[in-house]
Amino acid sequence: HLSEFVCSLTGRDKEVFEARIVSEKPLTLQEIGNKYGITRERARQIEARIIKKLKKFVKEKGTLDI
């Protein structure tokens, strides 16, 4: 189901998800901010929005098949 969720993301959200949330060596909020020309706080807000979407997605799909 995780790959299905990733496919539902676009552009910056997809890159932030992959570089920050599921990465073994996640980028810092500052590094993400620098990459996109945004503040650390805005990067944090984007990350929080993605996590909220992920929680909703998991809730709608039920438990993940492992």
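The values are calculated or read from the model by the stated rules, or taken from the named source; none is laboratory data. Worth saying up front: this structure is predicted, and the values here are computed from it rather than measured. Quick reminder, even Gly has a Cβ in these numbers, built from the backbone with ideal geometry, and neighbours come from all protein chains shown. Ligands, DNA and RNA are excluded from the accessible area calculation, which covers all protein heavy atoms including side chains. Shrake-Rupley method; radii C 1.70, N 1.55, O 1.52, S 1.80 Å.
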Every pair of residues 6+ apart whose Cβ atoms lie under 8 Å, when the first sits in region 4-23 and is in a helix (DSSP H, G or I) while the second is of a type in the set (D, E, K, R) and open to solvent by less than 60 Å² (accessible area, probe 1.4 Å)
16/47; 20/47; 21/47
Top-ranked residue in region 24-66 [being in a helix (DSSP H, G or I) and in contact with a His (Cβ under 8 Å, 6 or more places away or on another chain); ranked as farthest from residue 6 (Cα to Cα)]:
61
Do the conditions hold for residue 33, that is, is it in contact with a Ser or Thr (Cβ under 7 Å, 6 or more places away or on another chain) and open to solvent by less than 50 Å² (accessible area, probe 1.4 Å)?
yes
Region 1-13: number of residues that are charged (D, E, K, R) and open to solvent by 70 Å² or more (accessible area, probe 1.4 Å)
2
